[in-house]
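Reviewing the structure listed below.
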Amino acid sequence: MLYYLFDYLNHEFDLPGAGLFQFLSFRAGMSILLSLIITITFGKQLINMLHRKQVGEEIRDLGLEGQMQKKGTPTMGGLIILAAIIIPTLLFARLENIYVILVLVVTVWMGLVGFLDDYIKVFKKNKEGLAGRFKIVGQVGLGLIVGLTLIFHEDVVVREFDEKVLETISSSDNPAMDIPASAYEDVRATKTTIPFVKGNEADYNNFISFITFGLIQVDDRFTWIIYLTIVTFIITAVSNGANITDGIDGLAAGSSAIIGIALAIFIYVSGNLRFSQYLNIMYIPGLGELVIFTTAFVGACVGFLWYNSYPAQVFMGDTGSLSIGGIIAVLALAVRKELLIPVLCGIFLIENLSVIMQVSYFKYTKKKYGEGRRIFKMSPLHHHYQKKGLHEAKIVTRFWLAGIMLAILTLVTLKVR
């Protein structure tokens, strides 16, 4: 909204300083700053309100050190994360941009699913929360919205240039040079990026053929079904991964901030003509506007640590964890880097896998030997290290360091192929 106001003031009255709002970098900086201010300033007020309404976390005794001391700590703190993402985006982003509209829908949608889950747990005193089937319905519904938008919306395109034009762009000293419309073609395509290989663009048109070594061919008209299935799976997996990771103070928020910074860099270079051509990656027109949203996302996660780092004064609850997982998944899909999710979101992945491995092995050994056995002392993985006697603050710090290394590894795919 402020973008449009200052754009008007700049054109009509030549107001000094109003032209700053034309610069993506300035608006991104203001977005992350405002996001931090919102979480830090209003976080305490939210905590006090949650205390008054007795919105406290119900803690199951799992035998973890210091666990029962957290009983009664306010939950649903994800509300402040959502506010700190949405408000800066509305103020500083161009709201007609399809990518901005899409991520705002994702934020609100997953926020509502998480809020219902927390509401049932806290106010209805049902420890199971929202039934799993309803969560799945919400995630599948969102997957359909996201997938159909990325496939069929006329503004979601990849720009393909004539080779001679690319040579002109790379040799030009004018970063704002005009390129005639006849020199490029905007294509609606289900393309993605394969990391660490040359010629790293692939289309989901060939997905079935690729994984079956050419034995099965699928008509291009049915590609959208394959793509929708993949999008839905990614959104479900990443949102559940973030939800499982939110088990000790600061782990999910800090890990998500690290992932958000990496995604912001990917989005900026993919939405910038000069950088995308220099790095030989897909140029996606309009994508750069997502930097405003992503920086607000990073600011919200970092600001939330003011109250969520050990010892936590508030938990984000499913309102926050499901939302940030869904947001990360859709940002990766929008920038065509979804195949990097297993690396970039490696913390979420290993937390998910630890639960799957633990449950599967327990059931297998119980069936075979009559007694269930465990791989880990407890799952998810962060509880395993707690059982080993590590302080949760140390566990979180080490997980963050692992997340930083994984983020760096994903960023080097821009050059290492």
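The values are calculated or read from the model by the stated rules, or taken from the named source; none is laboratory data. Bear in mind that the values here come from a model prediction, so they are computed numbers and not experimental data. Ideal geometry is used to build each Cβ from the backbone, glycine not excepted, and the neighbour counts take in all protein chains shown.
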### Query
Across region 24-39, which residue is modelled with the lowest pLDDT among those that are surrounded by fewer than 18 Cβ atoms within 10 Å (Cβ to Cβ) and over 13 Å from Ala93 (Cβ atoms)?
Ser25
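Considering only region 300-353, state which residues are of a type in the set (S, T, N, Q) and more than 30 Å from Leu414 (Cα to Cα).
Correct list: Asn308, Ser309, Gln313, Thr319.
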### Task
State whether the residues of region 294-309 include one that is surrounded by fewer than 24 Cβ atoms within 10 Å (Cβ to Cβ) and small (Gly, Ala, Ser).
yes
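Among the residues of region 133-162, count how many are of a type in the set (Lys, Arg), within 26 Å of Tyr184 (Cβ to Cβ) and surrounded by 21 or more Cβ atoms within 10 Å (Cβ to Cβ). Please lay out each step first, then the result.
Filtering region 133-162 down to residues of a type in the set (Lys, Arg) leaves 133, 135, 159.
Next, only the ones that are within 26 Å of Tyr184 (Cβ to Cβ) stay: 159.
Still in the running and surrounded by 21 or more Cβ atoms within 10 Å (Cβ to Cβ): none.
The total comes to 0.
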### Query
Residues of region 278-287 being buried (at least 16 other Cβ atoms within 10 Å of the Cβ) and either of a type in the set (A, V, I, L, M, F, W, C) or outside any loop (DSSP other than H, G, I, E, B) (or both), which ones?
Ile281, Met282, Tyr283, Ile284, Leu287
### Message
For region 237-253, check the following and say yes or no: at least one residue is more than 23 Å from Gly143 (Cβ to Cβ), part of a helix (DSSP H, G or I) and out of contact with any Pro (no Cβ under 8 Å at 6 or more places or on another chain).
### Response
yes
### Task
Read through the list (1) assigned to a helix (DSSP H, G or I); (2) surrounded by 17 or more Cβ atoms within 10 Å (Cβ to Cβ); (3) out of contact with any Cys (no Cβ under 8 Å at 6 or more places or on another chain), then give the number of the only condition that Leu130 fails.
(1)
### Message
List the residue pairs whose Cβ atoms are under 7 Å apart, where the first residue sits in region 132-151 and is within 18 Å of Tyr119 (Cβ to Cβ), the second is of a type in the set (Asp, Glu) and surrounded by fewer than 21 Cβ atoms within 10 Å (Cβ to Cβ), and the two are 6 or more positions apart or on different chains.
### Response
none
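Do the conditions hold for Val355, that is, is it over 27 Å from Thr294 (Cβ atoms) and either in contact (Cβ under 8 Å) with a residue 60 or more places away in the chain or in contact with a helix residue (DSSP H, G or I) (Cβ under 6 Å, 6 or more places away or on another chain) (or both)?
Numbers: over 27 Å from Thr294 (Cβ atoms): yes; either in contact (Cβ under 8 Å) with a residue 60 or more places away in the chain or in contact with a helix residue (DSSP H, G or I) (Cβ under 6 Å, 6 or more places away or on another chain) (or both): yes.
Here the answer is yes, as Val355 does meet what is asked.
What number of residues within region 117-127 satisfy the criterion of being part of a loop (DSSP other than H, G, I, E, B) and surrounded by 14 or more Cβ atoms within 10 Å (Cβ to Cβ)? Break it down stepwise before answering.
Within region 117-127, the subset part of a loop (DSSP other than H, G, I, E, B) is 123-127.
Then keep just the ones that are surrounded by 14 or more Cβ atoms within 10 Å (Cβ to Cβ); that gives 126.
Looking only at that region, the number is 1.
Just checking, which of Phe275, Phe222, Phe293 is at pLDDT below 80 and either of a type outside the set (Lys, Arg) or assigned to a helix (DSSP H, G or I) (or both)?
Details: Phe275 fails: at pLDDT below 80; Phe293 fails: at pLDDT below 80.
The conditions single out Phe222.
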### Task
Quick one: in region 343-386, of everything that is farther than 29 Å from Ala332 by Cβ and of a type in the set (Ser, Thr, Tyr), which residue is modelled with the lowest pLDDT?
Tyr369
### Query
Does Gly17 count as over 28 Å from Gly317 (Cβ atoms) and either hydrophobic (A, V, I, L, M, F, W, C) or modelled with pLDDT under 80 (or both)?
yes
### Query
If we scan region 94-103, do we find a residue that is out of contact with any Lys or Arg (no Cβ under 8 Å at 6 or more places or on another chain), of a type in the set (Asp, Glu) and modelled with pLDDT of 90 or more?
yes
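Per-residue answers, yes or no, for (1) touching a His at 6+ places or on another chain (Cβ under 7 Å); (2) in contact (Cβ under 8 Å) with a residue 12 or more places away in the chain; (3) within 29 Å of Gly271 (Cα to Cα); (4) among the β-branched types (Val, Ile, Thr):
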site	(1), (2), (3), (4)
Leu9	no, no, yes, no
Leu15	no, no, yes, no
Phe26	no, no, yes, no
Leu36	no, yes, yes, no
Met49	no, no, no, no
### Message
Go through region 342-394 and report how many residues are exposed (fewer than 13 other Cβ atoms within 10 Å of the Cβ) and aromatic (Phe, Trp, Tyr).
### Response
2
### Summary
For region 70-103, the count of residues that are in contact (Cβ under 8 Å) with a residue 12 or more places away in the chain, of a type outside the set (Gly, Ala, Ser) and farther than 25 Å from Ile120 by Cβ equals 14
### Query
Can you name every residue in region 8-23 that is under 19 Å from Val291 (Cα atoms) and either of a type in the set (A, V, I, L, M, F, W, C) or surrounded by 15 or more Cβ atoms within 10 Å (Cβ to Cβ) (or both)?
Gly19, Leu20, Phe21, Phe23
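Quick one: is Thr107 under 24 Å from Ala83 (Cα atoms) and surrounded by 17 or more Cβ atoms within 10 Å (Cβ to Cβ)? Talk me through it step by step, then tell me what you get.
Numbers: under 24 Å from Ala83 (Cα atoms): yes; surrounded by 17 or more Cβ atoms within 10 Å (Cβ to Cβ): yes.
The answer is yes for Thr107.
From the list Phe348, Phe315, exactly one residue is aromatic (Phe, Trp, Tyr), in contact with a Ser or Thr (Cβ under 6 Å, 6 or more places away or on another chain), part of a helix (DSSP H, G or I) and touching a residue at least 60 places away in the same chain (Cβ under 8 Å). Which is it?
Details: Phe315 fails: part of a helix (DSSP H, G or I).
Of Phe348, Phe315, the one residue that is aromatic (Phe, Trp, Tyr), in contact with a Ser or Thr (Cβ under 6 Å, 6 or more places away or on another chain), part of a helix (DSSP H, G or I) and touching a residue at least 60 places away in the same chain (Cβ under 8 Å) is Phe348.
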